[in-house]
Amino acid sequence: MATTTQHVFQQLLEALGPQHWWPGESPVEVMVGAVLVQNTAWKNVERAMDNLREADLLSPQKLFAAATDELEDLIRPAGYFRQKTKRLRGLMHFVVQQYGSSIDAMRAADRQLLREQLLAQHGIGPETADAILLYALEKPAMVVDTYTHRIFARHGWVGYDIDYHQLQQHLVDELPAEVAIYNEMHALLVNVGHHHCRKTPRCEQCPLLEMLSETGIVEPEF
């Protein structure tokens, strides 16, 4: 029998289809995007990524070697450009020094060790680290975010006081440990959160409405 989380996954996948997320032409672009998207909308990240692409800086060596003021100017559209420049340079220094700029070497590393190494870098928190592991390195790391928390708490599937790691473990316990499923689950929840489960919710036509009666909930708790 499917768990609630598996039911959510199946319901959203049938309603919305594959999301083809995370956008990026290379693993390095995905890593950069995971840093730039902190505290901003993806449309702003796209503008910054276009600038970096046009400047031919999307490699670990080039990003780390770039002048600070040049990098700040290029990523300015993503906001917090001074903080994010420091974070990007730190992350790229780690990739260059620890793994010789090799994505293959990172993929071959132990997932938990690599996660701990990423978390040790300036400005890299659990969500960013897990996004890099999952989307750039194709390792089974379940990414959870504000949308995940909001959707699961509002529907009564978890408590509002649940923290990142508890929520992540809740999903991991109820889903097969497969990269493709973790990828789609996170992307589908982002879709629902962006279009429906906002701070001020738009429940009309939400793909999860059909599940409310099945879970004994008349309406989400806002």
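Bear in mind these aren't lab numbers, they're just calculated from the coordinates by the rules spelled out. Predicted model, so just to flag it, every value in this text is computed and none were measured. Methodologically, a virtual Cβ is constructed for each residue, glycine included, from the backbone with ideal geometry; neighbour enumeration extends over all protein chains shown.
Observations
- Against the chain, whose longest principal axis is taken from its Cα atoms, helix 164-174 shows a tilt of about 60°.
- Our estimate of slack between Glu210 and Lys43, defined as 0.36 nm per intervening residue step minus the Cα-Cα distance, is 57.0 nm.
- Cβ-derived FRET efficiency at R0 22 Å, His20 paired with Arg111, nearest 0.05: 0.40
- Theoretical gain in end-to-end length, Lys86 to Glu70 [0.36 nm per residue, Cα-Cα removed]: 4.5 nm
- Residues whose amide H falls under 5 Å from that of Ala55, counting only those 5 or more places apart or on a different chain, are absent, with hydrogens built in the peptide plane.
- Kirkwood's formula applied to the C-alpha pairs of the chain gives a hydrodynamic radius of 18.4 angstrom.
- Label separation (Glu174 vs Cys203): 1.9 nm, computed from points 7 Å beyond Cα along the C-beta direction.
- Over region 37-133: Kirkwood hydrodynamic radius from C-alpha pairwise inverse distances, Å: 13.8 Å
- Note on Lys139: aspartates and glutamates with a C-alpha under 15 Å away, same-chain residues under 8 apart excluded, are Asp104, Asp110, Glu116, Glu127, Asp130, Glu178, Glu184.
- Relative contact order [Cα under 8 Å, 6+ residues apart], region 27-136, whole percent: 32 percent
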